[in-house]
Each structure stands twice: as C-alpha cells, then as structure tokens.
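Here is the structure we will look at, set down as structure tokens.
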Amino acid sequence: MYTAQGAPDKEQLVHQYAQLVKRLAFQLLAKLPASVQAEDLIQNGMIGLLDAIGRFEEGLGAQFETYAVQRIRGAMLDGLRENDWVPRGVRRDMRRVEEAIHRLEHEHGRPPSEGELAESLDMSLTDYQKLLHEARGHQLVYLEDLSGDQEEGYLERNVAAPTLDPMALLEDQDMRQALVRGIDALPEREKLLMSLYYDDDMNLKEIGEVLGVTESRVCQLHSQAIARLRAATQVGEAAPVAKRRGRPPKKARPEG
C-alpha cells in the first residue's frame with residue numbers, strides 16, 4: 001500500500017481499514033446510551049485512522065493494525081467526552097439523587113416519590129424539579145463512571161476491547177440483568193415514558209401529549225427515571241426491597 005514515491009497510499013489504507021472502524025464503532029455502541037449515534041463514532045474513528053496513518057513509521061503490517069486500533073478507539077472516546085455536555089455540578093447533584101433513591105428504596109421497599117427525594121436532599125420540591133430539568137441529557141453511563149482515576153479506565157480496558165475476558169463478560173451480564181430489573185421496578189408512568197422515548201422514538205413533546213403533561217414535565221420525569229436506573233445498575237440491585245423481605249411494597253404517593 002505504497003505510492004510510487006514509497007510513501008503510504010492513504011486513500012487505499014482508508015478504504016482497507018474502513019470496515020475495522022465500523023466494527024470498533026458498533027462494539028463500543030453496544031455499551032453506550034441510546035443517545036449516542038453510530039455515525040458520530042464512525043466519523044471520529046475515521047479521524048483516528050487518518051491520524052494513525054500519518055503517525056505510524058514502522059511499516060503497515062500487523063503492527064500497524066494494532067496501532068490503528070488504539071488510535072481509532074482513542075478518537076472515539078475523545079469524541080464521546082467532548083459531547084458529554086451536562087455540567088459537572090449538575091452531574092454531582094444527580095449522583096446525590098441516585099444515592100438518595102437507593103437509600104430510600106431500602107428504607108421504604110418501593111421507589112421513592114419526588115416529594116420524598118426532595119425532602120431527603122433538603123430541597124424544596126420546586127428546586128428538586130428544577131434540578132431534574134437542568135439534568136436534561138443525563139445519561140445512564142458516563143465515561144468517568146467507568147474510568148476512575150487510573151490512566152486506563154474500565155471503558156478502555158473492556159468496553160472498547162476486541163475481546164472480553166470471562167470476568168468482564170459476567171460483569172456485563174450482571175449489568176444487563178440489573179438494568180432489566182430496574183426498568184421493571186420503575187413507577188408505571190416513568191416506565192411508559194421510557195418505552196415511548198426509546199422503543200417508539202417519540203420526542204418529549206409527543207410524550208407529553210400522551211401523558212397529559214408539559215414537555216418540561218416529561219424532561220423532569222425522564223431525568224428522574226435515568227437516575228433510578230443508574231442507582232439500580234451501579235449498586236447491582238434493582239428489585240423492590242420489600243418484595244425480597246417478603247412483605248408487599250407500600251403504595252407510593254401520587255405525583256403530579
């Protein structure tokens with residue numbers, strides 16, 4: 001794959017490795033929120049491929065593909081970090097919400113109401129609902145959740161890796177099972193909202209018309225549902241606590 005002058009033929013190399021970029025993009029996409037688009041990952045991956053072609057100096061055999069995979073993944077991850085636009089302060093507050101959800105679920109054996117969450121966080125209901133609205137775009141998985149402080153994070157080691165070890169596969173299965181249980185444990189209106197949004201591809205305004213609430217209210221409920229699911233998947237427990245204790249769950253107070 002060289003030109004007559006002995007330089008790498010970039011056009012031929014891009015064509016040859018384009019399928020590799022797509023394969024890596026869809027491997028990564030399977031572990032990311034539904035809001036992430038495959039086209040964005042592929043576009044960033046192609047940038048990484050071009051960067052690899054421009055930087056690699058040791059020939060274009062198997063060693064180049066290994067190097068290219070690293071650059072492609074890195075470009076995809078960089079693009080994801082840049083698009084993670086929820087302010088850090090809001091994200092920090094939403095983690096407090098997730099902790100409160102987990103604590104109150106264990107105390108009451110059912111999903112806590114908005115009023116209970118606001119009281120637990122020492123906030124007025126109005127301020128709590130304002131926080132939910134500000135958290136629009138709050139995701140089920142954030143890259144910093146998976147990376148921690150170490151140089152190479154969980155996402156780089158496992159999610160973007162071409163193969164997964166048995167322990168990683170087991171953890172992934174547990175995550176999926178916790179997510180399924182978490183969805184099943186959502187309050188009925190939030191469960192319906194998530195189904196309309198992710199299964200039926202309805203926008204917030206359309207969902208509001210179905211639920212009989214404003215678009216702003218749908219945004220709040222969506223943020224709250226995501227917080228419930230994050231709390232369920234991160235602790236690995238999503239089934240109602242009361243059910244495990246052998247007593248019926250208390251009936252939640254109606255929410256507006």
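Just so you know, all these numbers are worked out from the coordinates, no wet-lab data involved. Bear in mind that the values here come from a model prediction, so they are computed numbers and not experimental data. Don't worry about glycine lacking a Cβ; one is built from the backbone with ideal geometry, like all the others, and counts go over all protein chains shown.
Odds and ends about this structure:
- A Förster distance of 41 Å, applied to the separation of the beta-carbon atoms of E188 and R81, puts the FRET efficiency at 0.70.
- Treating r as the C-beta distance of K205 and L125 and R0 as 25 Å, the FRET efficiency rounds to 0.60.
- As a proxy for reagent exposure, R73, R81, R110, R88 were ordered by neighbouring Cβ count within 10 angstrom, fewest first; the result is R88, R81, R110, R73.
- Between E65 and H106, the modelled label-to-label distance comes to 4.8 nm, taking each label 7 Å out from Cα in the direction of the beta carbon.
- Sorted ascending by nearby beta carbons within 10 Å, beginning with the fewest, T214, T233 become T214, T233.
- Neighbour-count order for I207, I42, fewest beta carbons within 10 angstrom listed first: I42, I207
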